[in-house]
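Throughout, read-outs are computed from the coordinates displayed, never taken from laboratory work. Note that the coordinates shown come from a computational prediction; the quantities given were computed from them, not determined experimentally. Neighbour counts run over all protein chains shown; Cβ positions are idealised from the backbone, glycine included.
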Amino acid sequence: MIVIDREDGSDGQNMLTGRGCYDDPGDGGFIAPSNPDGSYDDEGYEKYAEEDDYFSTSRNSKVGKRGYVIHDACWPLLEEALSPGPVPLDRVFQILESFREGREPPGRVG
């Protein structure tokens, strides 16, 4: 899986993480290395060593960072479709956000 994470970039830009894994079913939590070329199963990678590597897919998470999961097999297809240019992360995030609009359960604020 590859994740687009909206709030982690130091310049406020969306960013792409490396391959992550589902970690917390109760909070929708994922662990993914900040390095886009990294993977949660790389030798020497410690899942809980960096707080920056934890994020959630939930708007109501206690974790400050939120992102969207994209299957590892799907990302290269998106890259190929947009080749030779790069994947516009900000636009991809906007598109993924648009699927969420109006879908929060009653009484919850996003």
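Once R0 is set to 25 Å, what does the formula 1/(1 + (r/R0)^6) return for the Cβ-Cβ distance between SER83 and GLU43, expressed as a FRET efficiency to the nearest 0.05? Present the calculation step by step, with values, prior to reporting the outcome.
Values: r = 31 Å, r/R0 = 1.23.
That gives a FRET efficiency of 0.20.
Report the extension gain between CYS21 and SER58 in nm, rounded to one decimal, defined as 0.36 nm multiplied by the number of residues separating them, less their alpha carbon distance. Write out the running numbers ahead of the final one.
Values: separation 37, 0.36 × 37 = 13.32 nm, distance 1.54 nm.
Stretched out fully, the CYS21 to SER58 stretch lengthens by 11.8 nm.
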